[in-house]
Every structure is written in structure tokens, then in C-alpha cells.
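Peer 1: Sharing a structure below in C-alpha cells format, with a few things to ask.
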Amino acid sequence: MNALKVAIKEKFLGVFTVKLDGPIDTYTHETFDHYVDKILKPSTKNIILDMQKVNYISSMGVGSLFKIRKFANQHAIKFLIAGLQPQVKKVLDTVQAMPAEAVFNHIKEMDEYLDELQKKSKEENP
């Protein structure tokens, strides 16, 4: 059984990056849920999962992602995922766990997207 390491950083007020290392499966999804539950609150603006070191996800892990997505949708929180390994991306695509516009190849690509969103917001609301 492999352990899952979870590191959460608040990049900006209400913007959290969750860095994962290991599988999200039957044995580790409760660890994942435990950490993420701490940031599932209405004051959160963005949740970014950095999954570049997640090499496996089971149905229990997918269930955890659906829980985050549901909460995010109910509270107008942006939920984004970056760095999916091909086998994990295939699973998430198959079960349609995330909309395509919320999945990025790597953190840099996502940061560019978020920068552009903020610039656009400033222009629209000076």
C-alpha cells in the first residue's frame, strides 16, 4: 500500500493549491478528503489540484474529485486540475469528472490562464 502525500498552500487569499504525491485510491482517498475538507468553505475562491505526481486513481479517488466539484459548483468556486499523467487523465475523461476547460497540462499553463482571467476582470471592473 502506497501513501498519499498532500500539501496545501494558500497562494493568495482564498486561492489554494493542493499538491498531491501518490495514488488516490481505496486506501488513500480518506487522507485526501481530510485535507481538502479544510479548504471546502464558501470563502474559498479557487482550488487548484497539482496532480503531476498522482500515478493512479480509483473510483474512490474519482468520488473525492466529484465531491470537490459539487461543492465548488454550489459555491461559485473555480476548481482546476493540472499535471495529469496520461493514465489518470484517461480515467477522468472516461467518467467525465472534469470539464475540459478546467484541466491543464501543467501549472505554468494554468497560471497563464489565471493571469489572463484576472487582467480581464480588472479591465471589466476598474
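The values are calculated or read from the model by the stated rules, or taken from the named source; none is laboratory data. On a predicted model such as this, the values are computed, not experimentally measured, just so you know. Counting neighbours? That spans all protein chains shown, and the Cβs are built from the backbone with ideal geometry, glycine included.
Peer 1: Need pairs with beta-carbon distance below 8 Å; first residue over 27 Å from Phe12 (Cα atoms) and in contact (Cβ under 8 Å) with a residue 24 or more places away in the chain and within the stretch 78-90, second surrounded by 14 or more Cβ atoms within 10 Å (Cβ to Cβ) and not hydrophobic (A, V, I, L, M, F, W, C); sequence gap 6+ or separate chains.
Peer 2: What qualifies is Gln87/Asn55; Gln87/Tyr56; Val88/Asn55; Val88/Tyr56.
Peer 1: Under 9 Å by Cβ, and 6 or more places apart or on different chains, what pairs join a residue from the stretch 8-32 that is over 16 Å from Ser43 (Cβ atoms) and loosely packed, with under 14 Cβ neighbours inside 10 Å with one that is at pLDDT below 95 and among the charged types (D, E, K, R)?
Peer 2: If the second residue must be at pLDDT below 95 and among the charged types (D, E, K, R), no pairs are left.
Peer 1: Suppose we keep only residues that are assigned to a helix (DSSP H, G or I) and modelled with pLDDT of 75 or more within the stretch 89-104. Which one would you say is surrounded by the fewest Cβ atoms within 10 Å (Cβ to Cβ)? Spell out the reasoning first.
Peer 2: The initial filter retains those residues of the stretch 89-104 that are assigned to a helix (DSSP H, G or I), namely 89-94, 100-102.
Right, trim to modelled with pLDDT of 75 or more and you get 89-94.
Details: Lys89: 17, Lys90: 12, Val91: 16, Leu92: 18, Asp93: 13, Thr94: 9.
Applying the filter and picking the extreme gives Thr94.
Peer 1: Among the residues of the stretch 57-66, are any farther than 26 Å from Tyr113 by Cα, surrounded by fewer than 18 Cβ atoms within 10 Å (Cβ to Cβ) and within 15 Å of the chain's Cα centre (by Cα)?
Peer 2: Taking every residue of the stretch 57-66 in turn, at least one turns out to be farther than 26 Å from Tyr113 by Cα, surrounded by fewer than 18 Cβ atoms within 10 Å (Cβ to Cβ) and within 15 Å of the chain's Cα centre (by Cα).
Peer 1: From (1) under 24 Å from Asn2 (Cβ atoms); (2) crowded, with 19+ Cβ neighbours inside 10 Å, pick out the condition that doesn't hold for Leu80.
Peer 2: (1)
Peer 1: While we're looking at this one, here's another question. Select from the stretch 1-55 the residues that are at positive phi and at pLDDT 95 or above and list them in ascending order.
Peer 2: Passing the criteria: only Gly22.
Peer 1: Need at least 1 residues that are of a type in the set (A, V, I, L, M) and within 21 Å of Val95 (Cα to Cα) per element, so show me which strands (runs of 3 or more DSSP E) inside the stretch 1-61 make the cut, counting only ones lying wholly within it. Break it down into steps so the answer makes sense when it comes.
Peer 2: Working: elements: 5-12, 15-21, 46-53.
Here the list reads 15-21, 46-53.
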